[in-house]
Amino acid sequence: MSDFSCPRCGNGQHEEGFVEDGGQGSQGALRWISGPLRRGPMGGARRMGRQRWEVEAWRCTGCGRLELYAREQA
Ligand SMILES: [Zn+2]
C-alpha cells in the first residue's frame, strides 16, 4: 500500500514505517484502541476488552507528511 498520492504535495512515493512509543511499559510501537479514552484510578488509559490495532505510518518522501493506517489487529 504505497500507491497513493500525498494530499499535501501530490508526491506518489511513500516510505513504510511505524511510530515508536518509547514510554515505560510500552511494547515499542504505537497502537490504535477503539472507543473513547477512559482513565483508571492511577491515571493510565483503560483498555480492557478493547480492540487494538497496529499503526502503520507511511512517510511522504517529498514533504515528510505522515499517513497513519490501522489495518491489522494487534
Ligand atoms: Zn508530500
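Tabulated results
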| read-out | value |
| --- | --- |
| Environment charge of residue 26, counting only residues whose C-beta is closer than 14 Å and scoring Lys/Arg +1, Asp/Glu -1 | 0 |
| Residue 69 paired with residue 38, simple spin-label distance in nm, labels 7 Å along Cα-to-beta-carbon | 3.2 |
| Cβ-based exposure ranking for 53, 58, in which fewest neighbours within 10 Å come first | 53, 58 |
| Max mean-square fluctuation residue, GNM over the chain, Cα-Cα springs under 10 Å, options 62, 43, 22 | 43 |
| Compactness of the chain - radius of gyration and Dmax, Cα, Å | 15.0, 46 |
| Assigned charges on the beta-carbon of Lys, Arg, Asp, Glu; segment 1-73 dipole about Cα centre (debye) | 580 |
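Bear in mind these aren't lab numbers, they're just calculated from the coordinates by the rules spelled out. Predicted, not measured: the structure shown is a model, and the values here were computed from it. Positions of Cβ are generated from backbone atoms using ideal geometry, with glycine treated the same way; all protein chains shown enter the neighbour counts.
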